[in-house]
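The values are calculated or read from the model by the stated rules, or taken from the named source; none is laboratory data. In this text, all values refer to a predicted model and were calculated from it rather than measured experimentally. Backbone-built Cβ (ideal geometry, glycine too); neighbour counts: all protein chains shown.
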Amino acid sequence: MKKDWGLYAVLAPLLLVTPLMARVIFPRPTPLPKGTGVGEFRQSWRVLEPITRRNLSIYPVISSLAADTSAFLTLDEGLASGSVRILERGQVESALYRRRNPERWPGQQEPWGGGARVNELALVNDSSRPLILLAGEVVSGGKQNRIIGADLVVPPKSEPLPLTVFCVEHGRWSAGGGAFGAAKAMAHPEIRRQAQVHKSQQGVWESVERAASGLAVASPTQDYAGVLNTPAAKRRVEEVAASIEGEYERELRDQIRGRGTVGVVVAINGQPVWSDVFSSPDLFCKYWPKLLRSYVMEAESRGCGFDQSGGERKMFGVPGVKQAETFLLEDRGRVNIKMEPAAYRRTEISSGDYQIVALEAVGKSEDSGLLIHYNKMEQD
């Protein structure tokens, strides 16, 4: 089944556009009115030549279109300013105040009693801006550290809402537990897939354990943030991340920066495995540092990148731009849509080879969606 992102009708197969090389000058992105959906953005995407380090290749994705996303708030921004708060369930009544005209989250139930839960926190967006949450964003504090469970948009000035999360600190359940802060980290793709697609807490814990084992590090509380912050893991991740960032700024500045870089395709061990694409360069830039480090973490945890089939040890090849672009744009599969009126629409497409999650912010009309984040991943 082919998904029509705008009208939910069946379309003819989308033709792949001709890949552009990294040295080609691309016109500056055209500003768009609100209400530009996924289909329009997808047709504008171009994949460029990769930056490769070890077994990791990063392909910049540029677009001739750019949405105005300045009205949206990221989780890191909201937690840093205090306008967004995340708490254990049992702390809601004592810590949050009521407003005269709150925005009630659809399906919200009260009261908030019953104590803390591993896979549910309470979130309030006290800002005047819609809040973007991405699956895999790490929040630290409370009784144990968690990650956001799914992509969504939270309306401004909203009442406390139940937030699905996954524990990434198996060995701690502290008495009390204060408010959560931003760890300014994104879980690597394997963990994000276990949370958003499989919705498996056990899968998340096992992925954290495999990452620690792959890097030969440990955390006393089996904490993902603790693994990331061990000297050995930080050294390995920063060595690769800083090198890629340096080349991105140095060699691609004139061709890409300021000309519509909206995301990346990621290949590991010779295969495209992941993509994160946004509707504006500004939004992508806000997430780029922690996304990049999550890709490095994934590559490091998967091994050194040698193909030992047939008894021969050799480096995997780097996929061509055409292969990366095909991975990004192919979108056939079973479609499932999750809708929260006046908040977001999340479209999921599943096939035997990949999973797509597309998040749109929507107003009162369901047809007024604006693409926020497009995430595609290989199936495990």
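Points to keep in mind about this one:
- Residues satisfying the stated conditions in the stretch 121-137, i.e. closer than 16 Å to residue 204 by Cβ and within 11 Å of the chain's Cα centre (by Cα): 134, 135, 136, 137
- Top-ranked residue in the stretch 84-143 [being charged (D, E, K, R) and assigned to a strand (DSSP E or B); ranked as modelled with the highest pLDDT]: 137
- In the stretch 349-380, residue farthest from residue 282 (Cα to Cα) [restricted to those that are acidic (Asp, Glu) and in contact (Cβ under 8 Å) with a residue 40 or more places away in the chain]: 380
- Among the residues of the stretch 331-352, those identified as within 14 Å of residue 378 (Cα to Cα) and more than 19 Å from the chain's Cα centre (by Cα) are 332, 333, 351, 352.
- Answer residue from the stretch 228-258, given it is of a type in the set (D, E, K, R) and part of a loop (DSSP other than H, G, I, E, B) and is modelled with the highest pLDDT among those: 253
- Test: residue 215 is of a type in the set (A, V, I, L, M) and in contact with an Asp or Glu (Cβ under 7 Å, 6 or more places away or on another chain): yes
- Just one residue in the set 212, 225, 195, 185 is surrounded by 19 or more Cβ atoms within 10 Å (Cβ to Cβ) and part of a strand (DSSP E or B); that residue is 185.
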